[in-house]
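S.K.: Before we start, here is the structure in question, set down as structure tokens.
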Amino acid sequence: MMTPNPPELPPVEQWPIITAPDCPLCDRPADVVYIGPATTAAGNAVTCWQCRACRHDWTIRTHHWPVQDGPDCPYCLTEVTCWAALAPDTPGDLWTCHNGHEFVLTPEGLIILPEDAA
């Protein structure tokens with residue numbers, strides 16, 4: 001069940017990254033591009049970045065912030081969900097719940113489950 005009147009986007013202060021980071025090797029922010037999400041060998045969620053100027057790749061640990069009026073989890077129906085990131089392959093936002101379930105919420109309010117996205 002969806003929370004009534006969910007916000008179109010989570011508040012900006014809850015976004016993991018508002019602008020691209022500076023390259024830690026050459027400090028050229030204009031040439032930095034987002035590659036996508038990944039998981040480290042230790043199991044940490046990270047975002048992958050690349051500097052097109054010096055070809056340096058690096059990761060930044062992902063942080064999840066609770067949103068008070070987010071969508072309910074479609075798997076376990078918990079009301080405690082966190083906005084994770086913009087979904088790179090689907091127009092929408094990636095959300096997670098405290099049980100580890102992931103889903104995408106589109107701007108139209110549709111929920112796309114990982115198994116439905118393929």
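S.K.: Return yes or no: is residue 47 modelled with pLDDT of 75 or more, among the polar types (S, T, N, Q), open to solvent by less than 40 Å² (accessible area, probe 1.4 Å) and not in a loop (DSSP other than H, G, I, E, B)?
M.R.: Values: modelled with pLDDT of 75 or more: yes; among the polar types (S, T, N, Q): yes; open to solvent by less than 40 Å² (accessible area, probe 1.4 Å): yes; not in a loop (DSSP other than H, G, I, E, B): yes.
So residue 47 fits the description; yes.
S.K.: Can you tell me which residue among 77, 94 is part of a strand (DSSP E or B) and either at pLDDT 80 or above or open to solvent by 30 Å² or more (accessible area, probe 1.4 Å) (or both)?
M.R.: Working: 77 fails: part of a strand (DSSP E or B).
Going through 77, 94 in turn, just one is part of a strand (DSSP E or B) and either at pLDDT 80 or above or open to solvent by 30 Å² or more (accessible area, probe 1.4 Å) (or both): 94.
S.K.: Which is farther than 15 Å from residue 100 by Cα, modelled with pLDDT under 80 and either assigned by the TED database to the domain that holds residue 92 or of a type outside the set (A, V, I, L, M) (or both), of 29, 66? Can you show your working first?
M.R.: Numbers: 66 fails: farther than 15 Å from residue 100 by Cα.
Matching residue, one of 29, 66: 29.
The values are calculated or read from the model by the stated rules, or taken from the named source; none is laboratory data. Quantities reported herein were computed from a predicted structural model and do not represent experimental measurements. The protein model used for the area step is the full one, side chains on, heavy atoms only, and it has no ligands, DNA or RNA in it. Shrake-Rupley method; radii C 1.70, N 1.55, O 1.52, S 1.80 Å.
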